[in-house]
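All remarks here apply to the structure that follows.
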Amino acid sequence: INHIALVVADIDRSRQFYADVLGLEEIPRPASFTFPGAWMRRGNFEIHLVGEAETGRAATLQPTYYERELRRGYLPHLAFEVADLEAVQARLAELDIAIVGGPQHRGDDDVQLYIRDPDGHVIELFDRSAA
């Protein structure tokens, strides 16, 4: 996978979330892209943040999830491996980022938890060494 594009309501808010919470770095976008956006990268994976064309559009693209779906990650989500899930949990608490699922054993010896970005996109953070 090269990238995923996410429609967001506020580019600056999402840029800050993906940089501060997930450690992605911003990279240049092609000058031909005249619509609002930002490209973020971690390793070889990119997230292309696309600013909504109409106010409120980003919110209409996110379904309402049941709590039981969020707890188990039984829904569309992005997943990032982390080196130390306990340290990540401490950092999430510092940033006042709610954990909407987990931490829990995934069933393959990995431990996972789920958070949501400012627009409601669900993100799994998992640690292979935490089991």
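Using a probe radius of 1.4 Å on heavy atoms only, what accessible surface per residue do you get for region 1-82? Whole Å² is fine.
Result: 64 Å² of accessible area for each residue.
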In a solvent-free Debye calculation with one equal scatterer on each Cα, what is log10 I(q)/I(0) for region 7-116 at q = 0.14, 0.16 Å⁻¹, listed in the order of the q values? -0.68, -0.87
Antiparallel bridges, percent of DSSP beta bridges restricted to region 68-131 (to nearest 5): 70
If exposed means no more than 13 neighbouring beta carbons inside 10 Å and the site is in a DSSP loop, what's the longest run of the chain without any exposed chymotrypsin sites (Phe, Trp or Tyr not before Pro)? 75-131
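Ignoring any ligand, DNA or RNA, what whole percent of the accessible area of region 29-131 comes from carbon and sulfur when the probe is 1.4 angstrom?
About 50 percent, which is the carbon plus sulfur part of the accessible surface.
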If one builds a Gaussian network model of the chain from Cα atoms under 10 Å apart, the most fluctuating residue listed among LEU75, LEU113, LEU49 is LEU75
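The values are calculated or read from the model by the stated rules, or taken from the named source; none is laboratory data. Here the structure is a predicted model, which is why all the values come from computation and not from measurement. When we count neighbours, we look across all protein chains shown, and the Cβ atoms used for this are built from the backbone with ideal geometry, even at glycine. Surface accessibility is based on the protein's heavy atoms, side chains included, excluding ligands, DNA and RNA. Shrake-Rupley method; radii C 1.70, N 1.55, O 1.52, S 1.80 Å.
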